[in-house]
Amino acid sequence: FTCVFGFCIRRKRIRASSPTFLIIMCLAAILGYGGLFAFFGQPHTVSCNFRVWFLAVAVITVISALFVKSFRVWRLYRSPTEIKALKDWQLILFVIASVIPVLILLVLWTGLSTPTAKLIEASSDDKEHLLCSYGSVAGMIGFYFFFFAIVAYVALFLLFGIFLSIATRNVVSTFNESRLIAISIYNITFSAIVTIPIVFVLKDSDPFITWIIIVTAFAYGFTATLVLQFFPKIWGIVVRDKFAKEASTHSENSSGPKESTITSKDSKAIF
């Protein structure tokens, strides 16, 4: 859908949303769903490593793509009369650069605190369960260090994303792009704040509930982000525009005296 209406049969609803980064988010979400499949079936050392690698890379890629889209809106809002277009390849390099530190941490994590499948006794039923644990040189200390290092790195992007969302809260774009990006960032942040503490409280006492929470949280995070980014565009092109040659360029929202309006013409300058 994005390739067709973003590059072949160009539509403003897609072009104003940076189709390149919509595709990047799609690919990252697919990678994330692949990581979720590793949670099903009997744990194995390979699947334990897939969980860590696939989900970490997918999460930082989705968040950095959202960050880049939000940065573009903020940049236009900040200097609407002096727009210097940022090329897609420049922002793609930024997304790649943002993933590299996570890859380095994952390599160190795998080497120093290797995820492996082990029998661990759960306090909820006093039975042994085959679960992913962390051994090698650093053991559980290494797990906590690398896990929270990645969490802190991702949180840094989320904080900057929240800042950009607040800074562009008064922007009224043609297709409410800035608002959709902001809701996606808030949604991911809220999910992480709720899920991580619960998982660490329950992980030793009830492995099954922990498994349900982790799978549900990641599935919700990826799915909600894709729905927020794609559903309004699909609905607009298919239902409202009925595949018309050009989407409506009139904003449905009226701006107040302190609001800045980004029209489709302005969007074209940077997207």
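The values are calculated or read from the model by the stated rules, or taken from the named source; none is laboratory data. Note that this is a predicted model, so its numbers are computed, not measured. We place every Cβ from the backbone using ideal geometry, glycine too, and count neighbours over all the protein chains shown. Please note that ligands, DNA and RNA were not included when accessible areas were found on the heavy atoms of the full protein model with its side chains. Shrake-Rupley method; radii C 1.70, N 1.55, O 1.52, S 1.80 Å.
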Q | Those residues of the range 107-121 which are modelled with pLDDT under 85 and open to solvent by 40 Å² or more (accessible area, probe 1.4 Å), in sequence order | A | Lys118, Leu119, Ile120, Glu121
Q. For Leu93, are the conditions met, namely being surrounded by fewer than 21 Cβ atoms within 10 Å (Cβ to Cβ), more than 19 Å from Ala219 (Cβ to Cβ) and at pLDDT 90 or above?
A. yes
Q) Of all residues in the range 199-222 being touching a helix residue (DSSP H, G or I) at 6+ places or on another chain (Cβ under 6 Å), in a helix (DSSP H, G or I) and at pLDDT below 90, which is nearest to Val59 (Cα to Cα)? A) Val199
Q: Determine, yes or no, whether Ala167 is at pLDDT 90 or above and open to solvent by 20 Å² or more (accessible area, probe 1.4 Å).
A: no
Q. If a residue has to be open to solvent by 30 Å² or more (accessible area, probe 1.4 Å) and either touching a residue at least 60 places away in the same chain (Cβ under 8 Å) or in contact with a Cys (Cβ under 6 Å, 6 or more places away or on another chain) (or both) to count, how many in the range 41-58 make the cut?
A. 4
Q: Give the range 209-222 a look and list any residue that's in contact (Cβ under 8 Å) with a residue 24 or more places away in the chain and either open to solvent by 20 Å² or more (accessible area, probe 1.4 Å) or over 11 Å from the mean Cα position of the chain (by Cα) (or both), or say none.
A: Trp211, Ile214, Val215, Ala217, Phe218, Ala219, Tyr220
(Q) Quick check on my filter: what residues within the range 177-201 are buried (at least 19 other Cβ atoms within 10 Å of the Cβ) and among the polar types (S, T, N, Q)? (A) Ser178, Ser184
Q: Could you tell me whether any residue of the range 235-242 is assigned to a loop (DSSP other than H, G, I, E, B), at pLDDT below 80 and buried (at least 16 other Cβ atoms within 10 Å of the Cβ)?
A: yes
